[in-house]
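First the structure, in the form of structure tokens, and then the observations on it.
FYI, it's all coordinate maths here, none of it is from the lab. Remember, it's a predicted structure, so these values are computed and weren't measured experimentally. FYI the Cβ positions are ideal-geometry reconstructions off the backbone, even for glycines, and counts take in every protein chain you see.
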Amino acid sequence: MVEVEQTGLAEVLLIRPRTFSDERGYFRQSWNAEQYAAIGITGPFIQDNLSISKPGVLRGLHFQNPNMQSKIVSAPQGEIYDVAVDVRLGSPDFGKWVGVHLTADGGEQLFVPRGFAHGFCVTKGPAIVTYKVDGPYAPSAEKTIRWDDPEIGISWPKNNWNASGPVLSDSDHNALFLSAMPEGSLPSYTGGG
């Protein structure tokens, strides 16, 4: 059975799948529909994504609207600091964030529900990051919020950054602040997860 820990945002969950270790290494289930349904994560999950990032890389903060996605994020190699930000207009937690370390050794996973922006920085790498998602990637629906938005105030770990900051893509570097997102680009809060 998986262990679940509440984060500072009720719908964002830190999941610890059970690990079986011996002198050969370890075995861990990264997904079991019945066990995850028991903790309220039902999907259906339709796509698995994988990225590889060097130390000092920061990706995010990304979300889709419309065509939102929930994600289960893990780092089967290396270590990342994984962040979820509530971007649902009208939510009592709008603009609030949580961050957790996901490691290969610990096997932690972060469940990021629909309506939350997601990003991570590599704290030990290279890092492989996997995303199990419950909706297809829709390039026309992808939105990006600045990783360093002062109104959100994420405390990113800065190890492995160069003098000018983290390594970013052009779209992450040029992203908008949350308060500058165009009308209609943010999802609406519907009173639940």
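Only one of 91, 30 is closer than 27 Å to residue 152 by Cα and in a loop (DSSP other than H, G, I, E, B). Can you tell me which? Steps first, answer last, please.
On the way: 30 fails: closer than 27 Å to residue 152 by Cα.
Sole residue among the options that is closer than 27 Å to residue 152 by Cα and in a loop (DSSP other than H, G, I, E, B): 91.
Yes/no per residue for (1) out of contact with any Cys (no Cβ under 9 Å at 6 or more places or on another chain); (2) farther than 14 Å from residue 12 by Cβ; (3) in contact (Cβ under 8 Å) with a residue 24 or more places away in the chain; (4) outside any strand (DSSP E or B):
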{"position": "101", "(1), (2), (3), (4)": "yes, yes, no, no"}
{"position": "106", "(1), (2), (3), (4)": "yes, yes, yes, yes"}
{"position": "129", "(1), (2), (3), (4)": "yes, yes, yes, no"}
{"position": "185", "(1), (2), (3), (4)": "yes, yes, yes, yes"}
Completion exercise
Per the filter on region 73-131, residues within 19 Å of residue 188 (Cα to Cα) and of a type in the set (Gly, Ala, Ser) are 84, 90, 91, 95, 115, 117
Problem - Selection from region 60-76 of residues that are in contact with a strand residue (DSSP E or B) (Cβ under 6 Å, 6 or more places away or on another chain) and hydrophobic (A, V, I, L, M, F, W, C) - result: 61, 63, 72, 73, 75
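If I go through region 139-163 residue by residue, how many of them are aliphatic (A, V, I, L, M) and within 23 Å of residue 52 (Cβ to Cβ)?
1
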Practice task
Taking only region 139-170 into account, find how many residues are in contact (Cβ under 8 Å) with a residue 40 or more places away in the chain, loosely packed, with under 10 Cβ neighbours inside 10 Å and within 16 Å of residue 56 (Cβ to Cβ).
Solution key: 1
